[in-house]
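Q: After the structure tokens below, expect a handful of questions from me.
The values are calculated or read from the model by the stated rules, or taken from the named source; none is laboratory data. All figures in this text were calculated on a predicted structure; none of them were measured in a lab. All Cβ positions, glycine included, derive from the backbone under ideal geometry; neighbour counts span all protein chains shown.
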Ligand code: ADP
Ligand code: MG
């Protein structure tokens, strides 16, 4: 329900950060850089920007707060707007990729670290801002890591030019503050948080199936624990969460004569925004609230009332292997620090319990700290962005420096894409490279758009890149599986998933009653609407760059050929044992079950969007290609001879 102004004010004042309000304001007046560490949920993200705003820090510019996650930027901005008593987009707003909810009145702006980095390309001094808060610094995303160096340099430049100083506030959960302190040469300030003891329980033996183990644990405690103890379960991603949510509801329903009712709330990045906010609401007094969340609930958002954690000990991470040149999503073990963070989420309001579906011995084998993203990801995009700022990343002041091999590899890739020249001696952006930085996209996708006109398929590529930039547009229904499959079948292209997506999106763009149409076709209205918005923005950039908006009509071969020009590292070849081998990385994989090819047809050569590494490796979104095209489209493709030899 709606809370009164007084209630909100009381809640704000009860947060641990409120006690040090004056000190924070004073320190921010005295120092250019501040380092703040505090327990998750102590009020750093929501309160500090308001303290600074209320004491006049936003008079000559905005207070910008970066978040590694888009969802966090949005939910937190909403909360702060409510506390400020304004509509979202007025005093308090947010900016995330492809979505800007701010106005000239906006003083407190939440934005993703990626968005701020892009702003820095337009203005390295970040003159719009008087304060930048780099929040969730412990997450160590590439973008936040790079922003450390950017804001440090902006501070220096503004100082020497006599401009309004830039205050920088780095906030972090209780992890590894020394590292940041050394980098900025400041001492950190610790916020004292009120936390309650959390009792930790490990499974006795290694579990073959952590999902099953989590489910059993949940129903054991559901039978025994007081009904007002809310439960938070950490899982790895959308599919897992939705599947378990179904199971929990089903079990609770079948046993409704002996069990209390449950209220299950999924929480993951791709969930529609209104659904994400539901988990903050209390459950009815006779029902147990159960939140199933990804890593997002580890530190980025705090759900009140959680007394019990079930931690599966896994997290989905984007990892990059410089040996294979492939970027992949992989389910990996959390670090010990993360396991303790997760555990701490149960002790916010009262003493709690944490059940771990892994043994004590297993936990001891986890890494101590998570590895910073910059040391485990594809840094092409970052290297390109830094070059756009006139910086060769070999000389950049990194908090943790990527290895020379990773840097060389990124430059090599960018050279192959035609974005960079002289990568070894004096790297520079080519004209194409400069144009690539205009798009808020992975360089490979920018390249697709920049090449599409030459293939005569700009309209189609705009649509395809827009859909690929968003989340899954298909709804898989458990109850109405056959109906859903039938509805999706009419969009199927015999050439594969990319053209199928294109068919869906083109039909959507022609539809008037979108809600009804999406409902009938088991398609996700929100994700398609989002893709339409993305397409519009990409089209504006394409027009600014004067690229012809041509269309290949029904000759979709042009689209498939064009895909090669950006995704040339993602070509795979069918093997005798019916698996695929990626040409560039020599990685074995199968076609993902969500593909239109799955269980039907195995093309000799495919191009895929990405590889998902789990117990089994999968190629996600695959399209059949004709190997003869490779020589035409990619005359300098390093692996061409191998393809030719297998064709003989
Ligand atoms: P921190 O950044 O230190 O982790 P936050 O500022 O995000 O803490 O959250 C402070 C408190 O505000 C949380 O403990 C939670 O109780 C409350 N809170 C945050 N977001 C919401 C929301 N969307 N709805 C209700 N309460 C919220
Ligand atoms: Mg926070």
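Q: Please determine, by comparing only the residues of segment 284-294 that are in a loop (DSSP other than H, G, I, E, B) and farther than 21 Å from residue 334 by Cβ, which one is farthest from ligand 2 (Cβ to nearest atom).
A: As a first pass, look at segment 284-294 and keep what is in a loop (DSSP other than H, G, I, E, B): 284-287, 294.
Right, trim to farther than 21 Å from residue 334 by Cβ and you get 284-287.
Numbers: 284: 29, 285: 29, 286: 32, 287: 28 Å.
The residue in question is 286.
Q: Here is a follow-up. Can you confirm whether segment 172-193 contains a residue that is closer than 19 Å to residue 114 by Cα and within 16 Å of ligand 2 (Cβ to nearest atom)? Working first, answer last.
A: Narrowing segment 172-193 to residues closer than 19 Å to residue 114 by Cα: 172.
Retained after the next criterion (residues that are within 16 Å of ligand 2 (Cβ to nearest atom)): 172.
Yes: one or more hits.
Q: I would also like to ask the following. Say whether the condition of being over 19 Å from residue 492 (Cα atoms), touching a strand residue (DSSP E or B) at 6+ places or on another chain (Cβ under 6 Å) and without any contact (Cβ under 8 Å) to a residue 12 or more places away in the chain is met by at least one residue in segment 591-606.
A: Scanning segment 591-606, I find no residue that is over 19 Å from residue 492 (Cα atoms), touching a strand residue (DSSP E or B) at 6+ places or on another chain (Cβ under 6 Å) and without any contact (Cβ under 8 Å) to a residue 12 or more places away in the chain, so the answer is no.
Q: I've got another one for you. Quick one: residue 363 ticks every box in (1) surrounded by fewer than 17 Cβ atoms within 10 Å (Cβ to Cβ); (2) within 26 Å of residue 615 (Cβ to Cβ) except a single one, so which number is it?
A: (1)
Condition check ((1) surrounded by fewer than 18 Cβ atoms within 10 Å (Cβ to Cβ); (2) within 25 Å of residue 116 (Cβ to Cβ)) across all residues:
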{"position": "409", "(1), (2)": "no, no"}
{"position": "426", "(1), (2)": "yes, no"}
{"position": "437", "(1), (2)": "no, yes"}
{"position": "454", "(1), (2)": "yes, no"}
{"position": "471", "(1), (2)": "yes, yes"}
{"position": "481", "(1), (2)": "yes, no"}
{"position": "491", "(1), (2)": "no, no"}
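Q: May I ask you to say which residue of 267, 259 is within 16 Å of ligand 2 (Cβ to nearest atom), touching a helix residue (DSSP H, G or I) at 6+ places or on another chain (Cβ under 8 Å) and without any contact (Cβ under 8 Å) to a residue 60 or more places away in the chain? Steps first, please.
A: Numbers: 259 fails: within 16 Å of ligand 2 (Cβ to nearest atom).
None of the other options fit; the residue is 267.
Q: OK, next. If you scan segment 69-95, which residues turn out to be touching a residue at least 60 places away in the same chain (Cβ under 8 Å), assigned to a loop (DSSP other than H, G, I, E, B) and either away from ligand 2 (no atom under 16 Å from the Cβ) or buried (at least 24 other Cβ atoms within 10 Å of the Cβ) (or both)?
A: Initial filter on segment 69-95 (touching a residue at least 60 places away in the same chain (Cβ under 8 Å)): 69-72, 74-76, 78, 82-83, 85.
Retained after the next criterion (residues that are assigned to a loop (DSSP other than H, G, I, E, B)): 69, 85.
Result: 85, single match.
Q: Within segment 512-542, which residues are surrounded by fewer than 14 Cβ atoms within 10 Å (Cβ to Cβ) and outside any helix (DSSP H, G or I)?
A: 512, 513 - these are the residues of segment 512-542 that are surrounded by fewer than 14 Cβ atoms within 10 Å (Cβ to Cβ) and outside any helix (DSSP H, G or I).
Q: Taking segment 475-511 as the region of interest, how many residues are touching a residue at least 40 places away in the same chain (Cβ under 8 Å) and not in a loop (DSSP other than H, G, I, E, B)?
A: Residues flagged as touching a residue at least 40 places away in the same chain (Cβ under 8 Å) and not in a loop (DSSP other than H, G, I, E, B) within segment 475-511 amount to 10.
Q: Something else about it: Give 581, 545 a once-over and let me know the one that is farther than 18 Å from residue 462 by Cβ and either surrounded by fewer than 18 Cβ atoms within 10 Å (Cβ to Cβ) or out of contact with any helix residue (DSSP H, G or I) (no Cβ under 9 Å at 6 or more places or on another chain) (or both). Walk me through how you get there before you give the answer.
A: Working: 545 fails: farther than 18 Å from residue 462 by Cβ.
The conditions single out 581.
Q: Oh, and also: Do the conditions hold for residue 171, that is, is it within 16 Å of ligand 1 (Cβ to nearest atom) and either crowded, with 22+ Cβ neighbours inside 10 Å or in a strand (DSSP E or B) (or both)? Give the derivation first.
A: Working: within 16 Å of ligand 1 (Cβ to nearest atom): yes; either crowded, with 22+ Cβ neighbours inside 10 Å or in a strand (DSSP E or B) (or both): yes.
Yes, satisfied.
Q: Taking the condition at pLDDT below 95 and not in a loop (DSSP other than H, G, I, E, B), does residue 258 pass? Steps first, please.
A: Numbers: at pLDDT below 95: yes; not in a loop (DSSP other than H, G, I, E, B): no.
No; evaluated as a whole, the condition is false for this residue.
Q: Let me ask something else about it. Look at residue 102 and say whether it is modelled with pLDDT of 95 or more, more than 14 Å from ligand 2 (Cβ to nearest atom) and surrounded by 22 or more Cβ atoms within 10 Å (Cβ to Cβ). Working first, answer last.
A: On the way: modelled with pLDDT of 95 or more: yes; more than 14 Å from ligand 2 (Cβ to nearest atom): yes; surrounded by 22 or more Cβ atoms within 10 Å (Cβ to Cβ): no.
Criteria not met by residue 102.
Q: The conditions are (1) free of Cβ contacts under 8 Å to residues at least 60 places away in the same chain; (2) within 16 Å of ligand 1 (Cβ to nearest atom), and residue 45 fails exactly one of them. Which is it?
A: Answer for residue 45: the failing condition is (1).
Rundown of residues vs (1) in a loop (DSSP other than H, G, I, E, B); (2) touching a helix residue (DSSP H, G or I) at 6+ places or on another chain (Cβ under 6 Å), yes/no style:
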{"site": "378", "(1), (2)": "yes, no"}
{"site": "384", "(1), (2)": "no, yes"}
{"site": "391", "(1), (2)": "yes, no"}
{"site": "399", "(1), (2)": "yes, yes"}
{"site": "413", "(1), (2)": "no, yes"}
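Q: To continue, here is another question. Give 466, 406 a once-over and let me know the one that is over 21 Å from residue 522 (Cβ atoms) and in a helix (DSSP H, G or I).
A: Values: 466 fails: over 21 Å from residue 522 (Cβ atoms).
The match here is 406.
Q: Also, quick follow-up: Does segment 196-212 contain at least one residue that is under 30 Å from residue 112 (Cα atoms), modelled with pLDDT under 95, assigned to a loop (DSSP other than H, G, I, E, B) and touching a strand residue (DSSP E or B) at 6+ places or on another chain (Cβ under 9 Å)? Don't jump to the end; show me each part of the working.
A: To start, the set of residues in segment 196-212 that are under 30 Å from residue 112 (Cα atoms) comprises none.
Looking through segment 196-212, none of the residues is under 30 Å from residue 112 (Cα atoms), modelled with pLDDT under 95, assigned to a loop (DSSP other than H, G, I, E, B) and touching a strand residue (DSSP E or B) at 6+ places or on another chain (Cβ under 9 Å).
Q: With 182, 156 as the choices, which residue is more than 13 Å from residue 34 (Cα to Cα), surrounded by fewer than 19 Cβ atoms within 10 Å (Cβ to Cβ) and out of contact with any helix residue (DSSP H, G or I) (no Cβ under 8 Å at 6 or more places or on another chain)? Give the derivation first.
A: Numbers: 182 fails: more than 13 Å from residue 34 (Cα to Cα).
Sole residue among the options that is more than 13 Å from residue 34 (Cα to Cα), surrounded by fewer than 19 Cβ atoms within 10 Å (Cβ to Cβ) and out of contact with any helix residue (DSSP H, G or I) (no Cβ under 8 Å at 6 or more places or on another chain): 156.
Q: Among the numbered criteria (1) modelled with pLDDT under 95; (2) away from ligand 2 (no atom under 16 Å from the Cβ); (3) touching a strand residue (DSSP E or B) at 6+ places or on another chain (Cβ under 9 Å); (4) part of a helix (DSSP H, G or I), which single criterion is violated by residue 249?
A: (1)
Q: Looking only at segment 17-41, filter to residues that are within 16 Å of ligand 2 (Cβ to nearest atom), modelled with pLDDT of 90 or more and not in a strand (DSSP E or B); which one of those is surrounded by the most Cβ atoms within 10 Å (Cβ to Cβ)?
A: Here the answer is 17.
Q: While we're looking at this one, here's another question. Residues of segment 607-646 being at pLDDT 90 or above, within 24 Å of residue 442 (Cα to Cα) and either touching a helix residue (DSSP H, G or I) at 6+ places or on another chain (Cβ under 7 Å) or in a loop (DSSP other than H, G, I, E, B) (or both), which ones?
A: Those that are at pLDDT 90 or above, within 24 Å of residue 442 (Cα to Cα) and either touching a helix residue (DSSP H, G or I) at 6+ places or on another chain (Cβ under 7 Å) or in a loop (DSSP other than H, G, I, E, B) (or both): 607, 608, 609, 621, 622, 623, 625, 629, 630, 633, 634.
Q: Of everything in segment 295-318, what is assigned to a loop (DSSP other than H, G, I, E, B), within 21 Å of the chain's Cα centre (by Cα) and more than 16 Å from ligand 2 (Cβ to nearest atom)? Give them in sequence order.
A: We begin by selecting, within segment 295-318, every residue assigned to a loop (DSSP other than H, G, I, E, B); these are 295, 300-305, 312-313.
Checking which are within 21 Å of the chain's Cα centre (by Cα) leaves us with 295, 300-303, 312-313.
Within segment 295-318, 312, 313 meet the criteria.
Q: Filter segment 120-142 down to residues that are at pLDDT below 95 and in contact with a strand residue (DSSP E or B) (Cβ under 8 Å, 6 or more places away or on another chain) and give me whichever is nearest to ligand 1 (Cβ to nearest atom).
A: Within segment 120-142, the match that is nearest to ligand 1 (Cβ to nearest atom) is 136.
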